[in-house]
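Report on the structure given below.
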Amino acid sequence: MDIIFLGGLEIDTVIGIYEWERKIKQKIILDIEMGFDIQKAAESDDIAYALDYKTVSDRIVSFVEASEFYLVEKLIEEIAKILLSEFAIPWVKITLNKKGAISRARDVGIIIERGQR
């Protein structure tokens, strides 16, 4: 399986369980790997057979910007559902980084894999 990726996708959103977090937007950073067979696109040189990563990026950014989840667990699962259902990909791996969530840690977040690789 081929992998198409988006790395370092930065999005501002309302996320968190504390009252002060509900009043501000915080930056999350997504790294997304998506399983996809690129052979038909490579043979034809036609975007119709490719996974259009601009469209994927736009969809995820608009979703995350509009969301107001309490938990990063909920947010990352919803992102995975969108990718698997709307873009007909069989497998996705997502890293969600909520930099600054822990004062002594540079990075904190979650990595999930969904679907069949």
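The numbers here are math on the coordinates, done by the rules we state, and not lab data. Being a predicted model, the structure only gives us computed values, none of them experimental. Don't worry about glycine lacking a Cβ; one is built from the backbone with ideal geometry, like all the others, and counts go over all protein chains shown.
Filter region 73-105 for residues that are assigned to a loop (DSSP other than H, G, I, E, B) and either more than 12 Å from Ile29 (Cβ to Cβ) or of a type in the set (S, T, N, Q) (or both) and give the result. Correct list: Phe87, Ala88, Ile89, Pro90, Ile102, Ser103, Arg104, Ala105. Of the listed requirements (1) farther than 30 Å from Ile102 by Cβ; (2) touching a residue at least 24 places away in the same chain (Cβ under 8 Å), Ile29 misses just one: (1).
Looking at Glu68, Glu19, Glu10, Glu73, can you tell me which residue is exposed (fewer than 15 other Cβ atoms within 10 Å of the Cβ), of a type in the set (Asp, Glu), at negative phi and touching a helix residue (DSSP H, G or I) at 6+ places or on another chain (Cβ under 8 Å)?
Details: Glu19 fails: touching a helix residue (DSSP H, G or I) at 6+ places or on another chain (Cβ under 8 Å); Glu10 fails: touching a helix residue (DSSP H, G or I) at 6+ places or on another chain (Cβ under 8 Å); Glu73 fails: touching a helix residue (DSSP H, G or I) at 6+ places or on another chain (Cβ under 8 Å).
Among Glu68, Glu19, Glu10, Glu73, only Glu68 is exposed (fewer than 15 other Cβ atoms within 10 Å of the Cβ), of a type in the set (Asp, Glu), at negative phi and touching a helix residue (DSSP H, G or I) at 6+ places or on another chain (Cβ under 8 Å).
Selection of region 80-91 for residues being farther than 11 Å from Ile60 by Cβ and either touching a Cys at 6+ places or on another chain (Cβ under 9 Å) or not polar (S, T, N, Q) (or both) yields Lys81, Leu84, Ala88, Ile89, Pro90, Trp91.
Among the residues making up region 22-65, those that are of a type in the set (D, E, K, R), surrounded by 11 or more Cβ atoms within 10 Å (Cβ to Cβ) and more than 23 Å from Arg106 (Cβ to Cβ) are Arg22, Asp37, Lys40, Asp52, Asp58, Arg59, Glu65.
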